[in-house]
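The block underneath contains the structure these notes are about, expressed in structure tokens.
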Amino acid sequence: VKLYDMNRAPNPRRVRVFLAEKGIDIPMVQIDIPSGENLAPAFTAINPRGLLPTLVLEDGTVLDETMAICRYIEAVYPDPNLFGQTPLEIAQVESWQRRCELEGMYSVGMAFRNASPFYAHRSTQGTAGQDTDQIPELVTRGKLLAERFFISLNERLGQSAYVALDRFTVADITAMITVDFARWIKVYPTPDQTDLAAWHARVSARASAKA
Ligand SMILES: N[C@@H](CCC(=O)N[C@@H](CS)C(=O)NCC(=O)O)C(=O)O
């Protein structure tokens, strides 16, 4: 098993934090996005979409979606549980994980990719070899949606110690990394979002957050 990773990128970090919560160490290979290593033939031969994280299993099977990789790890190493135990918990984690990803990560990514000169002609992910020009309005849209996500996350964290359940789950990993990623587009929790700030400090203090 081998994880293709890049230290500074948010999606690979989700897998690293997940692995750290499980206490699992697997071989990792750094792929450098700024120099285009993820789009070079040596890597696209492994993952034609040129995306990180990518997990290659012992039999050569390739998993190239963050949540698919985390679900695979959860199934192989069930403890500690990070996707919910009971039918209801599983549904609640799925619901919040999906919201954190679609309303949070995706909105921040939309703003970032439509603003960064590096992605001038690759504003959508996973479209290696096909131009997708930036749309400046999507920077404004992405920031607005990220701000709205922070409002609902703060409300949720006023009612619950963690995002999906009363304990740490994969939804907290996606939400924490969304808050950190949002700094790249200069979106921050507002001073009145005290429940969000307290939760963020708490999850960031876990050893796994350094992964
Ligand atoms: N939907 C994918 C998205 C992965 C993704 O966007 N990865 C970024 C790093 S955070 C990437 O590889 N970007 C390189 C590029 O687009 O050239 C997932 O969740 O795994």
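The values are calculated or read from the model by the stated rules, or taken from the named source; none is laboratory data. Keep in mind the model is a prediction, meaning the values are calculated, not measured. Note that we place each Cβ from the backbone using ideal geometry, even for glycine, and neighbour counts take in every protein chain shown.
Quick one: what pairs do we get from the range 122-137, first residue among the β-branched types (Val, Ile, Thr), second not in a loop (DSSP other than H, G, I, E, B), C-beta under 8 Å, 6+ apart or different chains?
Qualifying pairs under 8 Å: THR124/ARG113; THR124/THR132; THR132/ARG122; ILE135/ASN114.
List every residue pair whose Cβ atoms sit under 6 Å apart, with the two residues 6 or more apart in sequence or on different chains, where the first one lies in the range 58-69 and is free of Cβ contacts under 8 Å to residues at least 12 places away in the same chain and the second, anywhere, is outside any helix (DSSP H, G or I).
LEU63/LEU55
Pairs under 6 Å by beta carbon, first residue closer than 12 Å to VAL187 by Cβ in the range 145-163, partner charged (D, E, K, R), six or more apart or different chains?
PHE149/GLU103
Does any residue of the range 91-108 turn out to be away from the ligand (no atom under 15 Å from the Cβ), out of contact with any Cys (no Cβ under 8 Å at 6 or more places or on another chain) and of a type in the set (Phe, Trp, Tyr)?
Checking the range 91-108: at least one residue is away from the ligand (no atom under 15 Å from the Cβ), out of contact with any Cys (no Cβ under 8 Å at 6 or more places or on another chain) and of a type in the set (Phe, Trp, Tyr).
The conditions are (1) of a type in the set (Gly, Ala, Ser); (2) farther than 27 Å from GLU89 by Cβ; (3) modelled with pLDDT of 95 or more, and GLY129 fails exactly one of them. Which is it?
The number of the failed condition is (3).
What tally of residues in the range 161-211 results from selecting those that are surrounded by 15 or more Cβ atoms within 10 Å (Cβ to Cβ) and hydroxyl-bearing (Ser, Thr, Tyr)?
Residues meeting the conditions: 5.
Take the residues in the range 57-87 that are in contact with a Leu (Cβ under 8 Å, 6 or more places away or on another chain) and among the β-branched types (Val, Ile, Thr); name whichever of them is nearest to the ligand (Cβ to nearest atom).
Keep residues of the range 57-87 that are in contact with a Leu (Cβ under 8 Å, 6 or more places away or on another chain), which gives 57, 62-64, 69-70, 72-74, 84.
If we keep only those that are among the β-branched types (Val, Ile, Thr) too, we end up with 62, 69, 73.
Details: VAL62: 12, ILE69: 8, ILE73: 14 Å.
Here the residue is ILE69.
One line per residue, one yes/no per condition, for (1) part of a loop (DSSP other than H, G, I, E, B); (2) more than 15 Å from GLN125 (Cβ to Cβ); (3) touching a residue at least 60 places away in the same chain (Cβ under 8 Å):
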residue: ALA20; (1), (2), (3): no, yes, yes
residue: SER35; (1), (2), (3): yes, yes, no
residue: GLY50; (1), (2), (3): yes, no, yes
residue: PRO78; (1), (2), (3): yes, yes, no
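Taking the condition more than 9 Å from the ligand (Cβ to nearest atom), under 16 Å from ALA9 (Cβ atoms), of a type in the set (Phe, Trp, Tyr) and in contact (Cβ under 8 Å) with a residue 12 or more places away in the chain, does PHE118 pass?
On the way: more than 9 Å from the ligand (Cβ to nearest atom): no; under 16 Å from ALA9 (Cβ atoms): yes; of a type in the set (Phe, Trp, Tyr): yes; in contact (Cβ under 8 Å) with a residue 12 or more places away in the chain: yes.
Considered against the rule, which asks whether it is more than 9 Å from the ligand (Cβ to nearest atom), under 16 Å from ALA9 (Cβ atoms), of a type in the set (Phe, Trp, Tyr) and in contact (Cβ under 8 Å) with a residue 12 or more places away in the chain, PHE118 comes out as no.
Go through the range 180-202 and give me each residue that's free of Cβ contacts under 8 Å to residues at least 40 places away in the same chain and aliphatic (A, V, I, L, M).
Within the range 180-202, ALA197, ALA201 meet the criteria.
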